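Report on the following structure.
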Amino acid sequence: IQADGTDGNCVTFVLHDEDHTLGNSLRYMVMKNPDVEFCGYCITHPSESKINFRIQTRGALPAVEPFRKGLNDLMSVCQHVLSTFE
């Protein structure tokens, strides 16, 4: 969902079948990017298993780029933890 009057730098992603586990860890990873001005999430309702994940970037950087990078970085961290555990 793209905010009115923006060119892709302010987007809300709807993630189905997710909760605070992904939301909070992904928010942490995305906020490490210095080009991200705002990143937050909310759970729409306790009985629904979806979250609204919003990213707003500085300048002309599309919000989907730090979203992808955050997901990839989170996957790398999880893989490292798994391999260390094993």
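The values are calculated or read from the model by the stated rules, or taken from the named source; none is laboratory data. Every value quoted in this text rests on a predicted model; they were computed, and no experiment measured them. Quick reminder, even Gly has a Cβ in these numbers, built from the backbone with ideal geometry, and neighbours come from all protein chains shown. Calculation scope for accessible area: heavy atoms of the full protein, side chains included, ligands and nucleic acids excluded. Shrake-Rupley method; radii C 1.70, N 1.55, O 1.52, S 1.80 Å.
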Exercise for review: Enumerate the pairs (first residue in region 50-73 and over 12 Å from L15 (Cα atoms) and of a type in the set (S, T, Y); second residue anywhere and at pLDDT below 95 and open to solvent by less than 60 Å² (accessible area, probe 1.4 Å)) with beta-carbon separation below 8 Å, excluding pairs fewer than 6 apart on the same chain, so at least 6 apart or on different chains.
Suggested key: T57/N9; T57/C10; T57/A63
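What number of residues within region 14-43 satisfy the criterion of being open to solvent by 60 Å² or more (accessible area, probe 1.4 Å) and not acidic (D, E)? Can you show your working first?
First, pick out the residues of region 14-43 that are open to solvent by 60 Å² or more (accessible area, probe 1.4 Å): 16-21, 24, 27-28, 31-32, 34-35, 37-38, 42.
After this cut, where a residue has to be not acidic (D, E) as well, the list is 16, 20-21, 24, 27-28, 31-32, 34, 38, 42.
Selection size over region 14-43: 11.
Being assigned to a helix (DSSP H, G or I), touching a helix residue (DSSP H, G or I) at 6+ places or on another chain (Cβ under 7 Å) and either at pLDDT below 95 or of a type outside the set (D, E, K, R) (or both), is that true of even one residue in region 3-22? Break it down stepwise before answering.
So the first thing to find is which residues in region 3-22 are assigned to a helix (DSSP H, G or I), and the list is 20-22.
Add one more test, that the residue is touching a helix residue (DSSP H, G or I) at 6+ places or on another chain (Cβ under 7 Å), and what stays is none.
No - not one qualifying residue is present in region 3-22.
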